[in-house]
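The values are calculated or read from the model by the stated rules, or taken from the named source; none is laboratory data. Model, not experiment: these values are computed from the prediction. Please note: Cβ atoms are built from the backbone with ideal geometry, for glycine as well, and neighbour counts cover all protein chains shown. Accessible surface is based on the protein model in full, side chains and every heavy atom, while ligands, DNA and RNA are left aside. Shrake-Rupley method; radii C 1.70, N 1.55, O 1.52, S 1.80 Å.
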Amino acid sequence: MATPRIPGERDDDITLPCGESVSLPELDMGMREYACSCGERHAVVMDVHPPSRFVPEEIVAVLRETVETADDLGEFGTAHLMGIVLEEFPDRVVAEDVSENGQVGYSLVWLADFDSRRLHEIVVELIVELMEHAISHAEDGDAAASFEEQMIEFDVDEFVEAYRADRDFESEFDRPA
């Protein structure tokens, strides 16, 4: 039986957390934000975006070594990060499986009720929480104390600002300094 649709809605429309909708062809793989007709900017993340969009590859490597995944998505990556965000903000993030749409070039897309900068901060905060949880189970009390000491000095806003500046390339030929 066919699913009832709202008049004027297309099959490739995604309803955003704000209630507006966006058509899949409007979301290209290089997009980090969508300027919505509601007046806000919504963060856009796709499964093809590497987790290094949010944190350095060295941290991604540590996460891949330590976080076990029991799903079809393989090693720890962007889908897992966004799953954590979705778990924390279920009413503020929309996730869509678009794997049946062969025209878009990605399989999963997430759109958030906040902009890409705020999403970046949230991802970093959640990674820190994940690391704090993991270190709390470590048998090495010195390592846990050292981590806690480093986290006291860690400023999420400052990290995000610096990391975004390093990753803000002019073209695909630019590389971080």
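See the values below:
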item	result
Whole-number accessible area per residue in Å² for the chain, which is evaluated in the context of all protein chains at 1.4 Å	62
Spin-label pair THR15/ARG164, simplified geometry with 7 Å Cα→Cβ offset, distance in nm	3.0
DSSP-loop GluC sites (Glu not before Pro) across the stretch 58-148, with at most 11 other Cβ within 10 angstrom	GLU68, GLU100, GLU139
Percent accessible area from carbon and sulfur atoms, the stretch 44-128, protein chains only, probe 1.4 Å	46
Sites excluded, chymotrypsin sites (Phe, Trp or Tyr not before Pro) in DSSP loops with at most 16 other C-beta within 10 Å, longest stretch of the chain	1-153
Calculated FRET value between GLU75 and ASP142, using beta carbons and R₀ = 45 Å, to 0.05	0.95
DSSP loop trypsin sites (Lys or Arg not before Pro) with at most 14 other Cβ within 10 Å excluded, longest remaining stretch of the chain	11-177
The chain: relative contact order in percent, alpha carbon pairs under 8 Å with at least 6 residues between	21
Answer label for Kirkwood radius over Cα pairs in Å (calculated), chosen among (1) 16.0; (2) 18.0; (3) 16.9	(2)
Contour minus Cα-Cα distance for SER99 and MET31 (0.36 nm per residue)	22.7 nm
Contact order normalised by residue count of the stretch 49-122, Cα under 8 Å, 6+ apart, percent	21
